[in-house]
Structures are given as structure tokens and as C-alpha cells.
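Engineer: The structure's right below; bear with me while I get my questions together.
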């Protein structure tokens, strides 16, 4: 079982798309997670899509894969990080959604 839990951790640590800050997903602060992902995505020279898409993809991957073992509180923090990431990249324009 321990190896299954480490699988997504290894992917996020050794991703070809982004060099993530150590422990980025362990932060209890959604804004800090978003800022760290944005920084990693903008600094990466290996990503295959835009910085926003790369950062959001990594966050979504983590939520989908590791999220099954996360508490409701951690899941909520990571979902808030998605909104914060959109805001960091200037993608939070509500007029575009309605």
C-alpha cells in the first residue's frame, strides 16, 4: 500500500513538465500553492503547453491521483488553489463565464 501512495508523489517529484518546489502540495495555504505552481510553470523549459495549462494540469493530476487519500479539508484547500491559480494567471474574469 505504501508504494501506491508514493506513486503520485514520485510523478510530481520527477515530472518532465515542471520542477516543483519541494512539498508544494503540503501547504495549507491555497494562495501559496498557486504561487509556487505558477513560478514552477513559468520557469520550466520542459513543459509542453502554456504555463497556466501546465500548472493547472499538475494540480488537477495531484487532486485526482493523490486526492483519494486526502482529507476533505486538504481537498478543499487544493480546490481553492485551483481558483487561486486562475487568479494568479489573470484567468478569473467572471464575465467570461457568464
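Only the coordinates and a few stated rules stand behind these numbers; no lab work does. Since the model is a prediction, treat every value here as computed from it, not as a measurement. Note that each Cβ is placed from the backbone with ideal geometry, even for glycine, and that neighbours are counted across all protein chains shown.
Engineer: Taking a quarter of the surface of the convex hull around the Cα atoms of segment 51-90, what do you get in nm²? Each step should come with its number before you reach the end.
Structural biologist: On the way: hull surface 9.9 nm².
Projected over every direction and averaged, the Cα hull of segment 51-90 covers 2.5 nm².
Engineer: Please report 87, 72, 35, 48 as a ranked list, fewest other C-beta atoms within 10 angstrom at the top and most at the bottom.
Structural biologist: Working: 87 14, 72 7, 35 18, 48 10.
Taking fewest neighbouring Cβ atoms as first place, the list is 72, 48, 87, 35.
Engineer: At 0.36 nm per residue, and after removing the present C-alpha to C-alpha distance, how many nm does the segment from residue 70 to residue 45 gain when stretched out fully?
Structural biologist: Values: separation 25, 0.36 × 25 = 9.00 nm, distance 3.05 nm.
Taking residue 70 through residue 45 to full extension adds about 6.0 nm, to one decimal.
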